[in-house]
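The values are calculated or read from the model by the stated rules, or taken from the named source; none is laboratory data. Just so we're clear, the structure is a prediction, and the values are computed from it rather than from any experiment. Cβ atoms come from the backbone with ideal geometry, glycine included; neighbour counts cover every protein chain shown. Just the protein is used for accessible areas: all its heavy atoms, side chains included, with ligands, DNA and RNA removed. Shrake-Rupley method; radii C 1.70, N 1.55, O 1.52, S 1.80 Å.
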Amino acid sequence: MTLRRWVSDKYNDSVYFVYSVLLGLLMLLATPWWLLQMARHAKYRAGLGQRFGAVPERLENIHQRVIWVHAVSVGEVLAVSTLVRQLRDQYPNHRVLISTTTATGNQLARDRFGFDNVFYFPLDFGFAIRPYLRALRPELLVVAETEFWPNLLRLAGNAGAKIAVVNARISDRSFPRYRRWRSIFERVLRPVELFLAQSEEDARRLVEIGAAKNRVTVGGNLKFEVNATANAEIVHRVREGFADGGSQPLIIAGSTVEGEEPMLLAAFAEVMKAYPRMAVILAPRHRERFPAVAKLVADSPFELVRRSDWANEGLPPGTVFLLDSIGELASLYALADVAFVGGSLVRKGGHNILEPAQHGVPIVIGPYYENFRDIIAIFQRADAVRIVEAQQLGAEFIRLLKDHAERSGPSSLGQRAAQVMRAQSGATERTLRALEMFLEGAR
């Protein structure tokens with residue numbers, strides 16, 4: 001070993017040591033908060049042992065070759081769902097396992113891929129990651145979007161796993177910070193042999209923060225190929241519920257966050273003056289907020305019906321159907337006359353508009369959508385989304401409901417959105433082909 005190589009290795013070791021110490025100190029400082037949250041919310045207790053390196057028994061003694069896919073939460077699970085199914089079909093002798101970070105993502109992954117194939121992502125410490133690498137011996141680690149965990153990438157690479165980052169994106173908020181620490185990220189990203197970026201801009205940013213240019217290519221955005229038609233049963237039942245109750249039109253407000261529901265309820269009240277038989281499906285983004293949102297609706301002029309309490313009876317005009325469930329919103333968007341996508345009336349960066357778009361539904365969002373800048377820009381260029389301030393929301397709903405051509409005509413706002421979806425298709429196929437070449441090269 002040359003002196004230069006020895007010095008480089010020692011420097012690398014020190015960087016990871018300092019990172020692990022700082023991460024440990026951060027966790028120690030945050031322990032009181034985490035203990036409080038665990039006492040208040042079950043989701044913070046979910047998978048605690050797995051997060052600290054306790055490999056579930058169902059993942060011990062695996063004799064198949066393993067592909068490990070990491071998808072943080074619901075959005076990432078939805079994005080990689082088709083890819084996972086195709087990997088299973090293409091490699092029947094492999095076992096495709098999925099890790100998630102959040103409880104909601106974990107539940108959705110279990111529903112889609114089976115309980116035996118899903119686990120909670122371990123904390124980024126060597127003691128938590130090594131047991132999974134020993135048990136799974138992954139041939140390929142596929143990381144969705146920007147989960148650049150230094151110890152995971154280094155240890156997986158050292159264990160012989162090929163590493164690919166798919167659907168990679170670098171947000172406006174993260175980019176300056178990543179670029180500032182380029183010298184560190186260049187080392188962190190070194191074990192990754194393939195980056196499939198969502199767009200040319202994301203590819204450029206990956207290179208600027210330290211990814212090797214010859215390892216970066218544009219694969220497209222997997223989220224444009226979300227298949228939200230899986231739950232036909234709930235769509236039929238809810239459609240019948242509103243039809244039996246004589247409710248129309250129907251507005252769906254999905255992925256709402258704290259601070260948005262009061263503004264939305266005010267907008268719905270405005271709409272109800274023009275359309276007394278209207279009804280609403282309201283779907284908060286986070287399950288721990290279901291009780292608080294239920295109280296807000298109960299204190300409003302609207303009739304509250306919770307999905308968890310609903311017995312398939314008719315849903316009368318003036319109903320706010322609170323979707324206190326996980327995994328059903330994407331399918332139910334098909335019923336909307338107009339859809340609002342939340343996280344955009346307050347400074348939360350917005351949420352994914354692709355689920356209503358694929359159903360050809362007119363989409364309205366608020367002015368804060370920086371987390372989905374590239375997607376929104378594509379829809380804006382096609383005049384396929386409405387962006388309004390909170391005080392304009394009610395008027396925009398009414399405008400779309402009155403304008404039959406723009407709401408439901410052959411060249412309507414929603415149909416333009418569906419056309420954008422069709423034009424952006426192919427990301428899953430490109431990603432699968434790249435991973436196939438990657439796997440073949442690993443043999």
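Is it the case that some residue within segment 79-87 is over 23 Å from Ile375 (Cβ atoms) and touching a residue at least 40 places away in the same chain (Cβ under 8 Å)? Can you show your working first?
Within segment 79-87, the first condition is being over 23 Å from Ile375 (Cβ atoms), and the residues that meet it are 87.
Restricting the remaining residues to those that are touching a residue at least 40 places away in the same chain (Cβ under 8 Å) gives 87.
Checking segment 79-87: at least one residue is over 23 Å from Ile375 (Cβ atoms) and touching a residue at least 40 places away in the same chain (Cβ under 8 Å).
Need pairs with beta-carbon distance below 7 Å; first residue open to solvent by 20 Å² or more (accessible area, probe 1.4 Å) and within segment 105-128, second outside any strand (DSSP E or B) and of a type in the set (D, E, K, R); sequence gap 6+ or separate chains.
Partner pairs satisfying both residue conditions: Asp116/Arg58; Leu123/Arg51.
Which of the residues that make up segment 34-59 are assigned to a loop (DSSP other than H, G, I, E, B) and open to solvent by less than 60 Å² (accessible area, probe 1.4 Å)?
Residues satisfying the conditions are His41, Ala46, Gly47, Gly53, Ala54, Val55, Pro56.
Among the residues of segment 203-239, what is the count of those that are open to solvent by less than 30 Å² (accessible area, probe 1.4 Å), out of contact with any Asp or Glu (no Cβ under 6 Å at 6 or more places or on another chain) and over 24 Å from Ala418 (Cα atoms)?
6
Return the residues of segment 247-270 that are open to solvent by 30 Å² or more (accessible area, probe 1.4 Å) and over 14 Å from Phe321 (Cα atoms); say none if nothing qualifies.
Residues satisfying the conditions are Glu258, Gly259, Pro262, Met263, Ala266, Ala269, Glu270.
Name, by its number, the condition in (1) closer than 22 Å to Ala232 by Cβ; (2) out of contact with any Gly (no Cβ under 6 Å at 6 or more places or on another chain) that does not hold for Ala283.
All conditions pass for Ala283, except number (2).
Just wondering, is there one or more residues in segment 311-321 that are open to solvent by 10 Å² or more (accessible area, probe 1.4 Å), in contact with a Pro (Cβ under 7 Å, 6 or more places away or on another chain) and in contact (Cβ under 8 Å) with a residue 40 or more places away in the chain? Please lay out each step first, then the result.
Just the residues of segment 311-321 that are open to solvent by 10 Å² or more (accessible area, probe 1.4 Å), to begin with: 311-314, 316-317.
If we keep only those that are in contact with a Pro (Cβ under 7 Å, 6 or more places away or on another chain) too, we end up with 317.
Remaining after also requiring in contact (Cβ under 8 Å) with a residue 40 or more places away in the chain: 317.
So far as segment 311-321 goes, yes, one or more of its residues are open to solvent by 10 Å² or more (accessible area, probe 1.4 Å), in contact with a Pro (Cβ under 7 Å, 6 or more places away or on another chain) and in contact (Cβ under 8 Å) with a residue 40 or more places away in the chain.
Out of segment 206-237, which residues are under 21 Å from the mean Cα position of the chain (by Cα) and either among the basic types (Lys, Arg) or assigned to a helix (DSSP H, G or I) (or both)?
Listed by number, the residues that qualify are Leu206, Leu222, Lys223, Phe224, Glu225.
Residues to consider are Gly342, Gly360; find the one that is on the phi > 0 side of the Ramachandran plot and touching a residue at least 24 places away in the same chain (Cβ under 8 Å).
Gly360
Kindly provide the set of residues from segment 129-153 that are open to solvent by 40 Å² or more (accessible area, probe 1.4 Å), touching a Gly at 6+ places or on another chain (Cβ under 9 Å) and within 25 Å of Ala434 (Cβ to Cβ), ordered by number.
Arg137
Only one of Ala294, Ala274, Ala311 is over 30 Å from Ala103 (Cα atoms) and small (Gly, Ala, Ser). Can you tell me which?
On the way: Ala294 fails: over 30 Å from Ala103 (Cα atoms); Ala311 fails: over 30 Å from Ala103 (Cα atoms).
When all the criteria are applied, what remains is Ala274.
Could you list, in sequence order, the residues of segment 154-177 that are over 24 Å from Arg58 (Cα atoms) and either of a type in the set (Asp, Glu) or within 21 Å of the chain's Cα centre (by Cα) (or both)?
Result: Ala164, Val165, Val166, Asn167, Ala168, Arg169, Ile170, Ser171, Asp172, Arg173, Ser174, Phe175.
Which ones in segment 174-202 are among the small types (Gly, Ala, Ser) and open to solvent by less than 30 Å² (accessible area, probe 1.4 Å)?
Start the filter on segment 174-202 by keeping residues that are among the small types (Gly, Ala, Ser), which leaves 174, 183, 197, 199.
Matches in segment 174-202: Ser174, Ala197, Ser199.
Looking at segment 413-431, I want the residues that are free of Cβ contacts under 8 Å to residues at least 60 places away in the same chain and under 22 Å from Ile365 (Cβ atoms) and have a partner that is open to solvent by 20 Å² or more (accessible area, probe 1.4 Å) and not acidic (Asp, Glu) with Cβ atoms under 8 Å, at least 6 apart or on another chain. Which pairs are those?
Going by the 8 Å Cβ cut-off, the qualifying pairs are Leu413/Arg386; Leu413/Arg407; Gly414/His359; Gly414/Arg407; Gly414/Ser408; Arg416/Ala382; Gln419/Ala382.
Report yes if Tyr333 is over 15 Å from the mean Cα position of the chain (by Cα), in contact (Cβ under 8 Å) with a residue 40 or more places away in the chain and over 30 Å from Ala423 (Cβ atoms), otherwise no.
Working: over 15 Å from the mean Cα position of the chain (by Cα): yes; in contact (Cβ under 8 Å) with a residue 40 or more places away in the chain: yes; over 30 Å from Ala423 (Cβ atoms): no.
Judged against the criteria, Tyr333 is not a match.
So, restricting to helices (runs of 4 or more DSSP H) that lie completely within segment 111-197, which ones have at least 3 residues that are at pLDDT 95 or above? Even if it seems obvious, please write down each step before you answer.
Numbers: elements: 126-136, 150-158, 174-180, 182-188.
So the answer is 126-136, 150-158.
Of the residues that sit in segment 271-303 and are open to solvent by 40 Å² or more (accessible area, probe 1.4 Å) and in contact with a strand residue (DSSP E or B) (Cβ under 6 Å, 6 or more places away or on another chain), which one is nearest to Glu328 (Cα to Cα)?
Once the filter is applied, the top-ranked residue is Arg285.
Can you name the residue in segment 72-104 that is open to solvent by 40 Å² or more (accessible area, probe 1.4 Å) and within 14 Å of the chain's Cα centre (by Cα) and, of all such residues, is modelled with the lowest pLDDT?
It comes out as Thr102.
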